[in-house]
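The structure appears below as structure tokens.
The values are calculated or read from the model by the stated rules, or taken from the named source; none is laboratory data. These figures come from a predicted structure and were not determined experimentally. We place every Cβ from the backbone using ideal geometry, glycine too, and count neighbours over all the protein chains shown. We work out accessible area using only protein heavy atoms, side chains counted, and drop any ligands, DNA or RNA first. Shrake-Rupley method; radii C 1.70, N 1.55, O 1.52, S 1.80 Å.
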Amino acid sequence: MFSDLLFRLRALLRRNAVEAELDDQLRAHLKDEVAKHIAAGVPRDEAARRARLALGGLEQIKEQCRDARGTRWLEDLVQDFRYAVRTLRQRPAFAAVALLTLALGVGATTVMFTLINGVLLKPLPYPQPDKLVAVHGHTDTWNAEIYGEQNVAYPDFLDCQRASRSLQMAGALFNGGTLSEPGEPEYVDLREITPDLFSVLCVNLAQGRAFLPEEDRTGAAPVMILGHSFWQRHFAGRPDALGASVVFDQKRYTVVGIVPAGFRLYGDEADVYTPLGQEIAGYVRSRGAHPVHVLARLRPDATLAQAQAELTLIGRHLAEQYADTNAQRSFLAQPLRPEVGDVRSTLWLLLGAVTLVLLIACANVASLLLARAVSRERELAMRVALGATRGRLVRQCLTESAVLGLSGGALGILFADLGMRPFLTFWPGTLPRAEEVQLDWHVLLFALAASLLSGLLFGLAPALRAPAEHVERTLRAGARTVVGSSRRLHSAFVISEIALAVVLLVAAGMLGRTLLRVSSLDPGVNLQNVLVTRMALSPGVLADTARTRPAWQDVLDRARRVPGVQSVAAVDTVPMREGNNQLGYWPSADVPPANKQPMALATSVTPDYLKVMSIPLHQGRFFDDRDRMGSELVVVIDDVLAQSAFGGEDAVGKRLWMPDMGYGPFVVVGVVGHVRHWGLAGDDQAQVRAQFYYPFAQLPDKFLRRWSELMSVAVRTNVAPLSVVESLRREVRGATSDQVLYEVRTMEQLASSTLDQHRFLLLLFGVFAGLALLLACIGIYGVLAYLTGQRVPEIGVRIALGATARGVVWLVLRQSLVMIFCGVAAGIIAALAAGRVLERSVTAVRSVEPLALAIMIAILVIAGLFASWLPARRASKVDPIVALRYE
């Protein structure tokens, strides 16, 4: 067996030497046969003749020996490969057009698959990611579709951590604060974590150590771990940052570690990490609040089902032990998945679009190859006459198309590699897991498969047309004879290109119409000359409730003194920016259970907010200095809430009950216009649209610190908003110079960013549709030019018999129109289905509108007729004398 393998390898690698040995053996055998006949008394010439007859022909014997080696198929493959390369070199124009067409299709598809692979398919970048588990809180009344998955109370986490035998658990709390030393004061992104977080993730710190268990408790020495990017930015990557002293929220910390580069927790790269157990805030120590993100790793031999059963039992015990806070509460264990936000549907949508472009490219190249195959029919028939089987011819044609497909795929991979980083920077906003996007072996394998499949798709039709019968008729036929099957195949390719182009054109039209419509919507606020910025009060002020309200008033007063500022207000949730507070409400005292209450967006504001945002006041009044602690609790509602809660009645003077506020009821003192909080495109489809505003001055003291950490400052200016930022920063720094503005945006920027996805999709679908239209027109032109060229003798006869130039043009255009309208009919059906996919994937997109459909189809028909005009015009100028001499 091993010797046979060595022989076959030698026959492949040293083919010339093996062939020479075969020649020597056959000559020696022939010589021995001749010698035997001569020894028997036969004359030499006759002996040589008899020896050759006995052997049966040298070339036939050589073929039998080659077949016996078992490598003939590979030798034929190498031969076909060389022939394919040679033919492509002989036709550089054909090769260039085909390769570029395929490279664009494969390259675009590879780019999109690279994104999908990096963002959606790659596992989390931790050892044994399949062992990682997310632990969520669970109650039957919790609406996960609106709020997302529930987090866990810190005391409940500690109980689960102690009782669990299947899971090694860790917790994290998202927070922030002001780092005032060393350097200028800066607001930083904080993660409060438990000491075993890095061991659960199996991540080693770049420098230093993780937190110790004894450091994870109140009163322990304050310690901190730095994020890698923050270390590079704030400490210039100096090694002496380890052990450095840092003042954070007026507390001095010692740096004990630095996380590795690229480390992200829940998709974000935090600036600093501190021990969660040192947090003394009341909402962290309470079982009634659920702020902690919990992740875990399955212990050896433990399963997810075992972990879930264990957590269910723990939840039941806690519900019995703490009935006031944990009744009907339990825990849910799920595999830990990457945080990708809402980009999943966008990525799959774009992959589907570029796949259509690839299919159009394949149809285009198939049409070219088919035309070439028809012109080679006499050559292929000659091969059949010389003994080639149909399978051999098909294999040769498929090898040629595979070479073309692989070459186009290699060029497409190069295009994808060059275009990947620019495409990522062009992506609207921040692409989740962008650091994981790269050309790895999964992507290369996909590109290889796409290239081979493309080669099979566009090479199959020409291969199956290889002549296996009626060889004599094919050899006798003129070189310009076209049978009906060829015409039908060419037409089928063009029709498929047009149908796919219709899908992309209609999709681009739907996105364009959507963008025009939502851009013209009234946002509910005056976007011009409004600046919004988050505000971090001095940590010393936040620690003293008695100083917090005066501090906010001081910030507003100082901001008003900045030149160019007209009015200033404080607000906790800004429209069209990340963040919202959704609460249940009811218009009477008999409030139903939480899961039966309608929801509204709650916004805490200061009195000038209406003036800053220019929100129209429909009824009643807005807040003023009368609305403070001790006075009647009031709210202002929008017209959506007024309609849903009170119907057509006058809402002013009515009461609203909101149990989750923790105080109330509230008297409605005004009705204002609706603000598109969820963005220009997304607000109409949001599950919660009703809005109400309540005075920041009436917020109870127990909520004051937490709300102050969430508040922003909104400023209306009479100059360019961004021009007042530095003056505003200096003015509001406070007595201790540690009050910080961060995340500064204009309302125009926020409103524009809500349409970034629509602009991005419109641009890409526009490019794809334009490319599809161009390829379809090239296909129409190529097929008509080819078929018209094949019909030159027929056209010559028609002209000789009296056909006019206009009649010949109409003859060709009629053939084109049949293909165009067949493609349009098929494309409309596919476009209607694609429209439904767009409706589900992109906000604010409506079903296919007749006007948009008519415009896109008209564009395609006009472009198709233009591509048809040149072959038709050329056909009308055929000289009948020359045409009749073609054969």
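Figures for the structure shown
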{"read-out": "Between helix 701-710 and the chain: long-axis angle, C-alpha atoms, 0 to 90°, nearest 10", "value": "30"}
{"read-out": "Total formal charge among the other residues, if their Cβ is under 11 angstrom from that of GLY267, Lys/Arg +1 and Asp/Glu -1", "value": "-2"}
{"read-out": "For peptides 557-565, 110-118, 292-300, 218-226, sequence by mean Cβ density within 10 Å, most packed first", "value": "110-118, 292-300, 218-226, 557-565"}
{"read-out": "Rounded to the nearest 10 Å², the accessible area of PHE623 at probe 1.4 Å", "value": "10"}
{"read-out": "Antiparallel %, DSSP beta bridges [both residues in the stretch 137-276], to 5", "value": "70"}
{"read-out": "Accessible surface of LEU448 - all protein chains present, 1.4 Å probe, nearest 10 Å²", "value": "80"}
{"read-out": "Ranked by how many other beta carbons lie within 10 Å on average, peptides 763-776, 740-753 from highest", "value": "763-776, 740-753"}
{"read-out": "Given (i) 33.0, 102; (ii) 38.1, 138; (iii) 34.3, 109, the label whose value is Rg and Dmax of the Cα atoms in Å derived from this model", "value": "(ii)"}
{"read-out": "For GLN691, distant residues with modelled amide H under 5 Å away", "value": "LEU601, ASP638, VAL640, LEU641"}
{"read-out": "Signed unit charges on C-beta, dipole axis of the chain, positive-most listed residue SER496, CYS160, PRO275", "value": "SER496"}
{"read-out": "Positive minus negative residues near LEU120 (Lys, Arg vs Asp, Glu; Cβ under 12 Å)", "value": "+2"}
{"read-out": "Whole-Å distance, taken between Cα centres, linking the stretch 403-434 and the stretch 617-645", "value": "53"}
{"read-out": "Portion, in percent, of the accessible area of the chain that falls on carbon or sulfur, probe 1.4 Å", "value": "58"}
{"read-out": "Accessible-area value, TYR283, 1.4 Å probe, nucleic acids and ligands omitted, Å²", "value": "60"}
{"read-out": "Nitroxide proxy distance, nm - points 7 Å out along Cα→Cβ at VAL767 and CYS202", "value": "3.9"}
{"read-out": "Rounded tilt (10° steps) of 545-560 against the dominant C-alpha axis of the chain", "value": "70"}
{"read-out": "Peptide ranges 130-139, 648-657 listed from the most packed, as the mean C-beta count within 10 angstrom indicates", "value": "130-139, 648-657"}
{"read-out": "Accessible solvent surface per residue of the chain, calculated while the other protein chains remain in place, 1.4 angstrom probe, Å²", "value": "46"}
{"read-out": "Length-normalised contact order for the chain - Cα pairs under 8 Å, 6+ apart - percent", "value": "14"}
{"read-out": "Beta bridges per DSSP with both ends in the chain, % antiparallel, nearest 5", "value": "80"}
{"read-out": "Rounded to 10°, Cα long-axis angle of helix 390-426 versus longest principal axis of the chain", "value": "30"}
{"read-out": "Over the chain: helical MRE at 222 nm, DSSP H runs n ≥ 4 each giving -39500 (n - 2.57), nearest 500", "value": "-17500 deg cm²/dmol"}
